[in-house]
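Heads up, the thing below is written out as structure tokens.
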Amino acid sequence: MSPTAAFTIYINPATREAEMDYHIEFANTDGRRFMLDGVKYMQKDGGPNAIADLLHDYTTLYAHIRQKFPDGSVRETGTAYLKFRTFEDLAAAANLAGFLASFQITGTTDPVIQFQARMRFLAFTAQFVEREYDLLGAAAGG
């Protein structure tokens, strides 16, 4: 079975902060199934370090790893702190392209529509980041 992934961006009603929730299911080489459930906490700290705060929030994922058994039951096997190097160097930027290419677009084999779907994801993410962190205002000193 191929890996499956889903993510959701929402405002947590308890904290009133934005969160990006991830759910990824995958199998290891011996066929055992696992689930990674993680959260990126996208709190807006403001101030002169807004861009650094954004990069930290956007590239840090806190997660739980669970094994999924054939009967549907699950058992937690660990926790994870993942730090994505998306913006740190040219190799990481190329990795972003690889990340986008890894998205599975269903319902079409048309490469133009698949490209458009990936670009809409980037635009959606960029709009979320700008709204939440006001980077243009931070860069202007506001």
Charge tally for neighbours of Val112 with beta carbon under 13 Å away, counting Lys, Arg as +1 and Asp, Glu as -1, is +1
Residues other than His64 with Cβ under 9 Å of its Cβ, Lys/Arg counted +1 and Asp/Glu -1, net out at -1
Burial-style ranking of 75-84, 55-64, average other-beta-carbon count within 10 Å with highest first, yields 55-64, 75-84
Residues of region 11-27 with backbone N under 20 Å of the label point set 7 Å from the Cα of Arg120 along Cα→Cβ are 21
Expressed in nanometres to one decimal, the distance between label points 7 Å along Cα→Cβ at Thr8 and His64 is 1.5 nm
For region 29-37, Karplus-derived ³J(HN,Hα) couplings (6.51, -1.76, 1.60; θ = phi - 60°; whole Hz; x for glycine and proline) come out as 5, 9, x, 5, 9, 9, 10, 10, 10
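No lab work stands behind these numbers, since they all come straight from the coordinates. Predicted model only: the values in this text are computed from it and were never measured. Cβ coordinates were reconstructed from backbone atoms using ideal geometry, including for glycine residues, and neighbour counts include every protein chain displayed.
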